[in-house]
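Novice: Starting off with a structure, shown below.
We did not get these values from a lab; they are worked out from the coordinates using the rules stated. All of these numbers come straight from a predicted model, not from anything done at the bench. Neighbour counts run over all protein chains shown; Cβ positions are idealised from the backbone, glycine included.
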Amino acid sequence: MAEEVKEKKKKELPIMEVTTCKSTQQMLRKAAEDGVETAFHRAMDMKACPIGADSACCKHCAMGPCRLSSKDPYGKTGICGASIDVIASRNFARMVACGTAAHTDHGMTMLDVFRGVVKGEIKDYQIKDEQKLFDVAEGLGIETAGREVKEVATDLYHELERTYTQVEGEIPFANRVPPKTLAKWREAGIVPRGAMREIMEIMHRTHMGVDQDYENMVKQCSRTALADGWGGSMVATEISDILFGTPSPVLAGVDMGCLDEKQVNIIVNGHEPNLFESLIASVNDPKLLEEAKGAGAEGINILGMCCSGAEVLSRHGVPHAGNFMSTEAVLITGAVDAMAVDVQCIMPALAPLAECYGTKFFTTNPRAKMEGAQHIEFEEHKPRKCTDKVVKEAIGRFKNRKAKIVIPQNKSLGIHGFSHEYINYMLGGTFRASYVPLNDNIINGRIRGVAGVVGCTNPRVRQDYVHVELVKELIKNDILVVQTGCSQIALAKAGLMKPDASVLAGDGLQEVCETVGMPPVLGLGSCVDNSRILIACAEMVKTGGLGDSIADLPVAGVAPEWYSEKAIAIGQYVVASGIFTVFGVTFPTIAETKFHKLLFDGLEKQGFGKWGFATDPYEMAAMIIDHIDKKREALGIMGERERVLMDMADRQALEVEAGEE
Ligand code: NFS
Ligand code: SF4
């Protein structure tokens with residue numbers, strides 16, 4: 001054992017190569033001193049399985065597991081006779097199903113809270129945004145004139161529940177889809193029924209011996225993924241806005257410098273805003289504040305991580321400590337008194353790591369327990385019971401801090417909280433809120449197009465590097481960038497959420513940003529808030545001048561450092577909605593296969609979007625710019641636009657800069 005440890009120490013983690021996040025770099029150096037390891041270390045020690053990476057293996061039954069050859073994918077089949085296309089499409093479908101399940105279960109939880117509030121059973125949350133409640137209800141054809149909030153909310157609850165449960169017919173928000181896009185879906189038979197039904201069907205179809213046709217399987221992937229994007233995720237966003245408030249721009253700090261040694265530091269890591277909202281109430285309780293002061297603290301400092309962090313950052317300006325690949329690093333500061341987690345993207349490594357630093361670590365959701373963590377169940381009916389306990393435990397740890405505390409002094413202030421409603425208002429003004437100015441600026445070429453840059457970070461690529469370089473390249477080429485999730489946090493740390501970051505934009509985009517006073521990169525919130533991007537796209541089509549379906553728009557999506565199955569579900573609904581979507585890191589297909597060609601080419605020919613893949617940020621940018629120009633060309637708005645790409649000298653200068661420290 002001791003020898004094994006020594007063995008590991010010999011292989012030193014090349015810190016500068018694995019992350020560009022300054023705080024994470026500093027904490028990785030501390031990790032070496034403290035003798036702890038992180039996912040970066042484990043990724044160095046464990047090579048990704050090449051057959052798995054190509055999705056060329058199947059363990060769906062006990063005749064297998066079977067593995068095909070990546071080099072000669074059609075050279076053999078599984079024992080049952082499954083070809084590479086059957087195996088890879090089935091694996092892909094299960095990723096879509098799992099990602100969709102994650103988002104829709106979260107959305108349904110929000111809807112459960114909403115129902116409890118409407119019925120008066122849950123008293124700790126209220127309907128905060130009545131205007132939004134009425135807007136959403138009206139959009140779904142629910143009568144609002146002269147009716148009480150409670151009546152409208154009850155109808156809305158019942159209507160939205162169909163998103164999950166209905167066994168036939170189209171989900172409610174299908175009515176937000178531009179008519180031509182919806183017609184395309186109807187023609188292909190992919191308008192989703194309830195998410196439960198679609199996920200069930202995928203699980204059935206991916207069982208051995210059911211759907212053995214990759215094209216048919218991809219249809220069900222689209223249908224299920226659409227039940228996420230225009231269903232579960234959209235409901236999560238809309239209901240969270242109704243309950244907790246629709247975001248509008250707010251100045252907030254991001255990065256580990258937001259930790260404060262003199263205060264009790266509590267981090268929430270996860271995805272469901274209700275836990276966070278209750279913690280906010282707890283830390284504002286004078287009794288608990290008194291208790292913290294009694295323990296010698298100046299106050300209680302709460303910070304977010306990952307996606308629920310991105311939501312409260314957007315809604316309330318709560319500081320954010322970092323993205324997915326910093327969740328371990330932040331514990332290494334020793335400054336975190338308690339970390340409470342709920343669901344999704346919580347590394348199992350966190351509990352033992354927290355123990356090394358004496359940080360109290362709590363799971364809170366009945367769905368997500370963890371060995372080595374203390375479970376304090378969060379109940380929607382008595383949310384404060386859980387979050388008050390977390391605060392008290394954190395105060396206890398503050399009093400008995402033993403770990404050495406090192407807080408990286410990096411903190412970026414930026415503007416967050418751009419909802420699709422706010423974009424409307426910001427560009428159009430109070431009295432003529434609309435997307436007309438956005439469309440006009442795209443048509444006149446000041447804005448070349450819009451890219452949604454979203455998704456995770458992944459220890460297989462240099463943390464934040466691809467996000468940041470890609471976004472810089474895009475805005476330089478006058479592409480307005482909208483962001484969510486861990487990607488938004490990467491760019492916030494890099495300082496691009498400030499209005500004065502518009503100096504990095506091309507002349508056209510810069511002019512628009514300066515006129516409106518907005519940054520060239522707009523943070524929209526968490527990953528379920530990608531639904532805000534869909535709604536914005538639908539608005540752009542409705543506003544006119546940019547074609548009559550989402551597939552006509554000069555827009556693109558990209559998840560440059562993705563890791564999660566949720567990302568695959570998102571990618572598939574973005575593609576099915578008509579948008580070109582580029583992924584980095586790795587892609588679970590083999591390029592010469594029919595299944596791959598369908599995803600990367602065939603779908604576009606059928607009138608949908610398509611997938612793209614690249615690992616280099618400049619290559620990604622070039623692909624996106626080309627695609628946007630192709631769409632502009634087709635719309636007849638190309639004008640005199642020209643591409644400004646980094647030349648070789650620029651890139652070499654950059655690499656030198658990155659290599660030194
Ligand atoms: Ni999205 Fe959020 Fe981050 Fe990726 Fe995970 S936190 S839901 S999955 S890693 S962006
Ligand atoms: Fe092998 Fe077919 Fe069973 Fe998969 S379903 S493990 S390919 S025999």
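Novice: In debye, nearest 20: dipole of the range 44-151 around its Cα centre with unit charges on the Cβ of K, R (+) and D, E (-)?
Specialist: Here the size comes out at about 720 debye.
Novice: Could you work out how far the C-alpha centroid of the range 112-133 sits from that of the range 257-286, in angstrom?
Specialist: Between the Cα centre of the range 112-133 and that of the range 257-286, the gap is 22 Å.
Novice: So, one more: How many angstrom lie between the C-alpha centres of the range 356-393 and the range 136-160?
Specialist: One Cα centre to the other: 35 Å.
Novice: So, with +1 on the Cβ of K and R and -1 on the Cβ of D and E, and no other charges, what is the size of the charge dipole of the chain about its Cα centre, to the nearest 20 debye?
Specialist: 1100
Novice: While we're looking at this one, here's another question. Order of 202-208, 362-368 by packing, highest average Cβ count within 10 Å first?
Specialist: Working: 202-208: 17.4, 362-368: 19.6.
Most protected by this proxy first, the peptides run 362-368, 202-208.
Novice: Oh, and also: Using helices alone, I'd like the mean residue ellipticity at 222 nm for the chain: each DSSP H run of four-plus residues gives -39500 (n - 2.57), total over residue count, nearest 500.
Specialist: -14500 deg cm²/dmol
Novice: Another one. Contour minus end-to-end for residue 371 and residue 440, with contour as 0.36 nm per residue of separation and end-to-end as the Cα-Cα distance?
Specialist: Once the chain is fully extended between residue 371 and residue 440, it gains 19.4 nm.
Novice: Still on this model: Given R₀ = 30 Å, FRET efficiency for residue 295-residue 11 by Cβ-Cβ distance, to 0.05?
Specialist: Numbers: r = 42 Å, r/R0 = 1.39.
Rounded to the nearest 0.05, the efficiency is 0.10.
Novice: So, one more: Mind checking which of 203, 109, 146 is farthest towards the positive end of the range 84-244's charge dipole, using Cβ charges of +1 (Lys, Arg) and -1 (Asp, Glu) about the Cα centre?
Specialist: Toward the positive end, the furthest listed residue is 203.
Novice: Can you find, among 558, 495, 618, the residue sitting farthest towards the positive end of the charge dipole of the range 418-635, where Lys and Arg contribute +1 and Asp and Glu -1 at Cβ?
Specialist: 558
Novice: Where does the charge balance sit around residue 58 when Lys and Arg score +1, Asp and Glu -1, over other residues with C-beta under 11 Å from its C-beta?
Specialist: Residues close to residue 58 contribute a combined charge of +4.
Novice: If you find the alpha carbon centre of the range 37-79 and of the range 176-254, how far apart are they in angstrom?
Specialist: 28
Novice: Something else: Could you pull out every one of the lysines with an alpha carbon less than 20 Å from that of residue 493, ignoring same-chain neighbours closer than 8 positions?
Specialist: Partners found: 22, 411, 472, 476.
Novice: Determine which lysines satisfy two conditions relative to residue 150: a Cα distance under 29 Å, and not lying fewer than 8 residues away in the same chain.
Specialist: Counting by Cα, and skipping residues close in sequence, residue 150 has these lysines nearby: 119, 123, 128, 132, 382, 385.
Novice: Another question, then. Sorting check: for 302-315, 102-115, which peptide has the highest mean count of neighbouring beta carbons within 10 Å, and how do the rest follow?
Specialist: On the way: 302-315: 28.8, 102-115: 23.4.
In descending order of packing, they fall as 302-315, 102-115.
Novice: Mind giving me the nanometre distance, one decimal, between the label points for residue 635 and residue 281, set 7 Å out from Cα along Cα→Cβ?
Specialist: Output for this residue pair reads 4.5 nm.
Novice: Which of the lysines could a cross-linker bridge to residue 59, judged by Cα under 23 Å and excluding same-chain residues fewer than eight apart?
Specialist: Cα-Cα hits under 23 Å: 47, 71, 76, 219, 566, 594.
Novice: Would you work out which of 88, 100, 41 lies farthest towards the positive end of the dipole of the range 28-118? Charges go on Cβ: Lys and Arg +1, Asp and Glu -1.
Specialist: 88
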